[in-house]
1. Which ones in segment 97-149 are on the phi < 0 side of the Ramachandran plot, more than 11 Å from the chain's Cα centre (by Cα) and of a type in the set (Gly, Ala, Ser)?
2. If residue 175 passes every condition in (1) more than 14 Å from the chain's Cα centre (by Cα); (2) open to solvent by 50 Å² or more (accessible area, probe 1.4 Å); (3) more than 16 Å from residue 42 (Cα to Cα); (4) free of Cβ contacts under 8 Å to residues at least 24 places away in the same chain but one, which one does it miss?
3. Just to be sure before I move on: is residue 114 over 19 Å from residue 58 (Cβ atoms) and open to solvent by 20 Å² or more (accessible area, probe 1.4 Å) in the structure I sent?
4. Is there any pair with a first residue in segment 22-44 that is closer than 14 Å to residue 142 by Cα and of a type in the set (Gly, Ala, Ser) and a second that is modelled with pLDDT of 90 or more and open to solvent by less than 50 Å² (accessible area, probe 1.4 Å) whose Cβ atoms are under 7 Å apart and which are 6 or more apart or on different chains, and what are they?
5. Can you pull out the residues in segment 47-76 that are within 19 Å of residue 157 (Cα to Cα), in a helix (DSSP H, G or I) and either open to solvent by 60 Å² or more (accessible area, probe 1.4 Å) or in contact with a Lys or Arg (Cβ under 8 Å, 6 or more places away or on another chain) (or both)?
6. Are there any pairs with C-beta distances below 6 angstrom linking a residue in segment 132-159 that is over 24 Å from residue 102 (Cα atoms) to a residue that is in a helix (DSSP H, G or I), with the two at least 6 apart or on different chains, and if so which?
7. Collect the residues in segment 77-97 that are aromatic (Phe, Trp, Tyr), open to solvent by 40 Å² or more (accessible area, probe 1.4 Å) and not in a loop (DSSP other than H, G, I, E, B), keeping them in residue-number order.
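The values are calculated or read from the model by the stated rules, or taken from the named source; none is laboratory data. None of the values given here were measured: they were computed from a predicted structure. Cβ: placed from backbone, ideal geometry, glycine included. Neighbour counts: every protein chain shown. What goes into the accessible areas is simple: the full protein's heavy atoms, side chains included, and nothing from ligands, DNA or RNA. Shrake-Rupley method; radii C 1.70, N 1.55, O 1.52, S 1.80 Å.
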Amino acid sequence: GIGLSTARRPARPREGRGEVLVNGSLRKWLVPGIPFLVSLVLSATTVGTGVFWQDSGFYLVAVKGVEILYPPGFMLYVLLCKSWTLLLFFVDFTLAVHLFSAFCAALAAGTLAVAARDLLRARGSWFRVLEDEPGSLADWVGAATGCIVAAGYTFWFTGIYAKGYALYYFILAQLLWR
């Protein structure tokens, strides 16, 4: 012979019944990515370029001048938001601040999606939710959780105006995740 092998290639391993075959690394990014994009699109379509109600004007002034707002200071928000506006120098300042909130809300939605997925997959004695391995159901539930959170009125509203709530939602989501 000429060295041609007649052996068959082994079949690709399949996941459980009814599960969509998606590359593991792609699925890893889809779970936070879908809610991130949903939140970002919702915020981007409703964000404004003007000052919103209550004290968002104070926040805009504090970010513009890197000043202390109230006794707590909110310096983490002010410094991160000021850095963001410097990166987006080509965008109107007020819009850039609102886009910072939109970005933080999107990060929070994605993080909550991953937290929900990981909770369903937890096998420890404290956080075990399901007896059996949920498979890709955990991915879908995580993505749905992040999208539902992103579309909620309070969460969505924090993503379109100049206040630190969206950043704090992101920090809280990270704490819930880990």
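1. Residues satisfying the conditions are 101, 116, 122, 124, 125, 136, 138, 142, 144.
2. All conditions pass for residue 175, except number (1).
3. No.
4. Final answer for the pair search is 33/110.
5. 56, 58, 59
6. 134/120; 138/117; 138/120; 138/121
7. 84, 93
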